[in-house]
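Undergrad: Please find one structure pasted underneath; my questions will follow.
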Amino acid sequence: MSDWPKIRTVGLSGILITFAGEMSEPANRAALALRAEVEAQGWEHVSETSTSLVSTFLSVDLALVSPEDIIARLNDLLTSRDWYAADLPAGRRLWRIPTVYGTDLGPQLEEAAKAAGVDPDTAIREISGSRVRVLTLGFAPGQPFSGMLPDTWNIPRQQSLTKEVPAGALVVAIRQLIVFTNPSPTGWRHIGQTAFRNFRPESDQPIALSPGDELCFPAITPEELKRIRMKDSSGDGGAETELLS
């Protein structure tokens with residue numbers, strides 16, 4: 001019998017349901033699907049929900065509400081289906097985000113390619129041709145962690161930090177890609193640059209991407225990126241979108 005999923009209280013803040021001890025596509029799928037189902041059912045006492053790579057969190061004031069009833073309801077829900085093979089949430093979108101690879105805009109492309117055991121042209125072809133899922137948002141407001149890339153790209157983080165990458169930087173490590181929402185230090189390798197802003201505090205919808213959305217990063221030239229920056233005021237950075245479900 002599997003030890004997963006595990007249900008645990010988090011102080012008096014709520015309840016955490018974890019589907020695996022490490023990142024996997026089925027565990028991420030389960031976390032996203034469970035959150036969507038709890039949201040759809042509108043559980044009383046659950047004020048907010050969120051997901052990480054392999055977990056779902058239900059925000060509940062456990063100083064006011066006993067956790068036993070909620071945990072019992074969770075156990076019933078968890079045994080009602082195979083969450084690891086569940087459908088992903090409805091309303092997901094595919095985003096095609098134009099990206100400049102290499103040059104001074106993605107200065108660690110060659111280093112990342114070497115770590116993956118491929119040449120830079122192959123690296124661009126593999127990453128620009130990949131389709132990845134937004135696994136979770138975190139670290140900074142709206143910052144998307146997406147994956148999973150092929151095993152070739154299971155490269156480690158750097159041994160030291162890059163002092164700063166700009167907003168819109170595309171970075172890679174451990175089969176995942178991140179588009180940075182703000183200038184930030186990072187241990188991931190900076191391989192490309194976009195004009196995409198996922199965190200838009202001025203907007204009615206301040207975070208454009210949702211966990212479960214899918215992403216592609218087609219290659220463009222630095223000149224094309226410059227033109228996109230001059231024209232775009234939406235934050236989309238020239239991205240095209242398509243409704244998936």
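Undergrad: State which residue pairs qualify: first residue under 18 Å from Ala40 (Cβ atoms) and inside segment 69-90, second residue among the β-branched types (Val, Ile, Thr) and assigned to a helix (DSSP H, G or I) in any location, beta carbons under 9 Å apart, and separation of 6 or more residues or different chains.
TA: Leu74/Val38; Leu77/Val38
Undergrad: Could you please tell me which pairs satisfy a Cβ distance under 8 Å, a separation of 6+ or placement on different chains, a first residue in segment 153-172 that is within 22 Å of Ile207 (Cβ to Cβ) and open to solvent by less than 80 Å² (accessible area, probe 1.4 Å), and a second residue that is hydroxyl-bearing (Ser, Thr, Tyr) and part of a loop (DSSP other than H, G, I, E, B)?
TA: Ala167/Thr181; Gly168/Thr194; Ala169/Thr194; Leu170/Thr194
Undergrad: Could you list, in sequence order, the residues of segment 189-200 that are more than 18 Å from Asp104 (Cβ to Cβ) and surrounded by 24 or more Cβ atoms within 10 Å (Cβ to Cβ)?
TA: Within segment 189-200, Phe196, Asn198 meet the criteria.
Undergrad: Something else about it: May I ask you to say which residue of Ala86, Ala72 is surrounded by 15 or more Cβ atoms within 10 Å (Cβ to Cβ), farther than 21 Å from Leu225 by Cβ and of a type in the set (A, V, I, L, M)?
TA: Ala86 is the lone residue from the list that is surrounded by 15 or more Cβ atoms within 10 Å (Cβ to Cβ), farther than 21 Å from Leu225 by Cβ and of a type in the set (A, V, I, L, M).
Undergrad: Separate question: Those residues that are closer than 16 Å to Val132 by Cβ and acidic (Asp, Glu), I need them from segment 178-225; list them, please.
TA: Passing the criteria: Asp213, Glu214.
Undergrad: What pairs come up if the first residue lies in segment 1-29 and is more than 21 Å from Val134 (Cβ to Cβ), the second is open to solvent by 40 Å² or more (accessible area, probe 1.4 Å) and among the polar types (S, T, N, Q), and their beta carbons are under 6 Å apart, counting only those six or more places apart or on different chains?
TA: Taking only residues 6 or more apart or on different chains, the pairs are Ile15/Thr9.
Undergrad: Given the conditions (1) open to solvent by 40 Å² or more (accessible area, probe 1.4 Å); (2) outside any strand (DSSP E or B); (3) of a type in the set (A, V, I, L, M, F, W, C), report the number of the one that Ala27 does not fulfil.
TA: The number of the failed condition is (1).
Undergrad: Hey, another quick one. Answer with yes or no whether Arg93 is under 27 Å from Arg200 (Cα atoms), in contact with a strand residue (DSSP E or B) (Cβ under 7 Å, 6 or more places away or on another chain) and touching a residue at least 12 places away in the same chain (Cβ under 8 Å).
TA: For Arg93, the condition - under 27 Å from Arg200 (Cα atoms), in contact with a strand residue (DSSP E or B) (Cβ under 7 Å, 6 or more places away or on another chain) and touching a residue at least 12 places away in the same chain (Cβ under 8 Å) - is met.
Undergrad: Here is a further query. Condition first: touching a residue at least 24 places away in the same chain (Cβ under 8 Å) and open to solvent by 40 Å² or more (accessible area, probe 1.4 Å). Now tell me which residues in segment 202-235 satisfy that.
TA: Of everything in segment 202-235, those that are touching a residue at least 24 places away in the same chain (Cβ under 8 Å) and open to solvent by 40 Å² or more (accessible area, probe 1.4 Å) turn out to be Ser203, Pro206, Ile207, Ser210, Pro218, Ala219, Thr221, Pro222, Glu224, Arg229, Asp232.
Undergrad: Filter segment 108-127 down to residues that are of a type outside the set (Asp, Glu) and surrounded by fewer than 16 Cβ atoms within 10 Å (Cβ to Cβ) and give me whichever is nearest to the chain's Cα centre (by Cα).
TA: Filtering first and then ranking leaves Arg125.
The values are calculated or read from the model by the stated rules, or taken from the named source; none is laboratory data. These figures come from a predicted structure and were not determined experimentally. Using ideal geometry, Cβ is built from the backbone for each residue, glycine included, and neighbour counts are taken over all protein chains shown. Heads up: the accessible areas ignore ligands, DNA and RNA and are worked out on the full protein's heavy atoms, side chains in. Shrake-Rupley method; radii C 1.70, N 1.55, O 1.52, S 1.80 Å.
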